[in-house]
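*Asks:* Submitted below is the structure of interest, expressed as structure tokens.
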Amino acid sequence: MPPFTAVIRLACALVAATGLLACAGVAGTVARAADGEVLIRLLDSKQCANCPLADADLVQADLREADLSGAQLQRANLSGARLDGARLSGADLSFTSLRGASLRGADLRGARLLGSDLRDADLSGALLDPEALSSSHWQGAKGVIPAQQSYADWHNAGVDAAQRGRFPQAEQLFSAAIGRQPEAAISWVARGISRSEQGNTVAAADDFTVAAALYDQQGQPETSAQLQQAALKLADTPKPVQGGNRLGPQLLGGTAGLLQFLAPLVIKAFVPLPF
């Protein structure tokens, strides 16, 4: 038996004797679970399908290749955990913290991710249902691909990045939104703004030109004309200085015009709670 498992068994025995509701481990892994034997089984064999692990504290736990399919992990703390190749299909990860966790190649199909914190996690190669991350926090996560998110998710994530002044990241997110829905004029404008703020006036002008054509097709000639004018001004702009020209508000009619295009696309039925 591994030494840390023996320690956990002893701790759980003390817990049972004292009537406390916590079960402590070592090596940076501490857990609270309704049944200490469940925790022991998980850490000892990594076989814990359908286990009750709600509220467990498994910070930085090594759970690579673990079978947690169908596990009840609501509100658990798995921040920084190593879950590469883990089977989490059908698991309930509602409001679970997986911030900074490594989930490379993990199977998350059918998992419930309502309000889950996946910020800065590594999801490279992870198996996810389409738009599975729509109700979770996933800013800064690695390995997220367009097919895993809806058009609105990508656009709104771009808006969030732009409002925080993270224009390179915003540009990438708006590009993903455009990839999902190329006819969405507002995302072309938003990406143009992000590029303009970085001083990339040529690419910004191209985006505004495409957006102008789309708005014209949609029967919005005034918006189309405004964007055409913005594109022409960008084309006449001198070589950008380091840090960008910050022309967005000037070209789109001031701050109000800028906010018109940098506003969340939709109000989601569910908004993840902040952590």
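*Asks:* List every residue whose amide H lies under 5 Å from the amide H of GLN149, counting only residues 5 or more places away in sequence or on a different chain, with H placed 1.01 Å from N in the peptide plane.
*Replies:* Under 5 Å from the amide H of GLN149: GLU131.
*Asks:* With Cβ to Cβ distances under 9 Å as the rule, what net charge do the other residues near SER124 carry (K, R +1; D, E -1)?
*Replies:* Numbers: positive: ARG104, LYS142; negative: ASP122.
Counting the neighbours of SER124, the net charge comes to +1.
*Asks:* Related question: Skipping prolines and chain starts, which residues have an amide H placed within reach, meaning under 5 Å, of the one on GLN47, given they are 5 or more residues away or on another chain?
*Replies:* Long-range HN contacts for GLN47: ASP67.
*Asks:* Per residue of the range 193-206, what does 6.51 cos²θ - 1.76 cosθ + 1.60 with θ = phi - 60° give for ³J(HN,Hα)? Whole Hz please, x for Gly and Pro, Karplus curve as stated.
*Replies:* Couplings: 4, 4, 6, 4, 5, 9, x, 8, 5, 5, 5, 5, 4, 4 Hz.
*Asks:* May I pose another question? Using alpha carbon centroids, what distance separates the range 180-235 and the range 115-165, in Å?
*Replies:* With the range 180-235 and the range 115-165 each reduced to a Cα centre, they are spaced 25 Å.
*Asks:* Please give the net charge around ALA162, taking every other residue with its beta carbon less than 12 angstrom from that of ALA162, where Lys and Arg add +1 and Asp and Glu add -1.
*Replies:* Details: positive: ARG164, ARG166, ARG191, ARG195; negative: ASP160, GLU171, GLU197.
Here the charged neighbours net out to +1.
*Asks:* Once you list every other residue whose beta carbon is under 11 Å from the beta carbon of ALA203, what net charge do they have if Lys and Arg are +1 and Asp and Glu are -1? Please report the intermediate quantities before stating the final value.
*Replies:* Working: positive: ARG191, ARG195; negative: GLU171, ASP206, ASP207.
That works out to -1.
*Asks:* Which ³J(HN,Hα) values, rounded to whole Hz and listed in residue order, are derived for the range 208-216 from phi using the Karplus coefficients 6.51, -1.76 and 1.60 in 6.51 cos²θ - 1.76 cosθ + 1.60 with θ = phi - 60°, glycine and proline given as x?
*Replies:* For the range 208-216, the Karplus-derived couplings read 5, 5, 4, 4, 4, 5, 5, 5, 5 Hz, x marking Gly and Pro.
*Asks:* Can you sort THR201, THR96 by how many other beta carbons sit within 10 Å, fewest first? It would help to have the intermediate numbers written out before the result.
*Replies:* Working: THR201 23, THR96 30.
Ranking THR201, THR96 by Cβ neighbours within 10 Å, fewest first, gives THR201, THR96.
Only the coordinates and a few stated rules stand behind these numbers; no lab work does. What you are looking at is a predicted structure, and each value in this text was computed from that prediction instead of being measured. Positions of Cβ are backbone-derived with ideal geometry, glycine not excepted, and every protein chain shown enters the neighbour counts.
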